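Written out below as C-alpha cells is the structure these notes cover.
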Amino acid sequence: MTIREKFEIPKTYSLWSYALIAVGIISVILLYVTHGASNSEHERARFWGSLLQNSVFFLLVVNAAMFFLCATILAWGGWTTSFRRVSEAVASAVPVIGVICGIILLAIVFGNDHAIYHWAAPHDQLDEVLKQKSGFLNKTFFTVWTVLTITLWSLLGKKMRNLSLSTDERKMGVEEGKKFQWANTVWSALFLLVFALTVMSTIPWLWLMSIDAHWYSTMFSWYTFASSFVSGVALITLFVIYLKNKGYLEYTNEEHLHDLGKFMILENSCLHSLCSGVICGLASIC
C-alpha cells in the first residue's frame, strides 16, 4: 500500500483561505469605523472586546492541540501516532495567532481607552480592591508574562514539531529510538509544565478574568482550559475526518475517531458536572 505522506493543498482551498482573510480584515476595519472610533465607551468596548475574545479563543484552541499531543506522549499513548502530524499542524498556528493576540492585548492595556481593563487606568488605582491586586494587575507584569507565555508556547511547540520531523530524515535504530523517545518525553513534560503555569492558572486570570477585577473565581482557569481543550480536540477530529475522506491517514481507523469522540464527551461531562456543582453550591448559599 502506498502511503500519501504529504498533503497537497487544493487551489480552491487556498483561494477560499485568502478570500476569508480578506473578509476578516475588511470586517475589522468596518467594525473599527462603526464602533472602535465611536464616542461611546460601550461601542468601543464592543470593538475591543470582540477582538479580545476571538484572538484569545483561537490562540487557546490551537495551543490545546499541542497540549493534547504532549499529554498523550507522557501517558505512553501510541494511538495518536497515525495522526500526530494533524495535531502538530494545528499547533503550528500558535506563533502567528500569538503575535496577533499579543498585539491586541498590549494595545488594549497601553491604549488611552480603558473600557476593557479598568485596572490599567491610573485613576482606578484609588480603588481599594484594585490597589490590593496591583502587584498582579499592572502593565509591567501583564506585558512580561504575556510576551513570555506566547514565546514559550511557540518555541516549545516548534521544538516538538522539529523532533517529529526529524524521524522522517532517517531510519532510527534501537539506540536512536530510545534517544528520540527520551527527548520527546522531556520536551513534552516541559510544555505541560508551562501549560499548567499559564493556561491552567495565570493566563485566564490576566487576559479574561481581570476584565472585571472586582470578581474572581478559583475555577475560572479550569473552565477556560476545559472549553479550549474540547474545541481543540474537535478541530483535530474535523481535520482527521477531512483528510481521511481525501485518502490520507491510511493507518487512522474508526477506533481512533471513536477515541477522539470519547475525549470530547468526557471533557464535556466533567465541565457540566463542575457547572452543576457550582450552581447547586450557590443555590444552597442563597
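The values are calculated or read from the model by the stated rules, or taken from the named source; none is laboratory data. These numbers come from a predicted model, not from an experiment. Cβ coordinates were reconstructed from backbone atoms using ideal geometry, including for glycine residues, and neighbour counts include every protein chain displayed.
The residues listed here are VAL56, VAL109, VAL86; of these, the one that is modelled with pLDDT of 95 or more and not polar (S, T, N, Q) is VAL56.
Residues in region 91-113: is at least one closer than 20 Å to LEU260 by Cα and of a type in the set (D, E, K, R)? Taking every residue of region 91-113 in turn, none turns out to be closer than 20 Å to LEU260 by Cα and of a type in the set (D, E, K, R). Of the candidates ARG84, ARG46, the single residue that is more than 21 Å from THR146 (Cα to Cα), in contact (Cβ under 8 Å) with a residue 24 or more places away in the chain, surrounded by 11 or more Cβ atoms within 10 Å (Cβ to Cβ) and of a type outside the set (Ser, Thr, Tyr) is ARG84.
Could you check region 206-224 and list, in sequence order, the residues that are in a helix (DSSP H, G or I) and free of Cβ contacts under 8 Å to residues at least 40 places away in the same chain? Scanning region 206-224 gives MET209, ASP212, PHE220, SER221. Checking ALA107, ALA91 one by one, the residue that is of a type in the set (Gly, Ala, Ser) and in contact with a Gly (Cβ under 7 Å, 6 or more places away or on another chain) is ALA91 and no other. Among all positions in region 227-242, there is no residue which is hydrophobic (A, V, I, L, M, F, W, C), farther than 22 Å from ILE265 by Cβ and touching a residue at least 12 places away in the same chain (Cβ under 8 Å). So, in region 129-156, how many residues would count as being surrounded by fewer than 17 Cβ atoms within 10 Å (Cβ to Cβ), assigned to a helix (DSSP H, G or I) and more than 19 Å from the chain's Cα centre (by Cα)? Of the residues in region 129-156, 6 are surrounded by fewer than 17 Cβ atoms within 10 Å (Cβ to Cβ), assigned to a helix (DSSP H, G or I) and more than 19 Å from the chain's Cα centre (by Cα).
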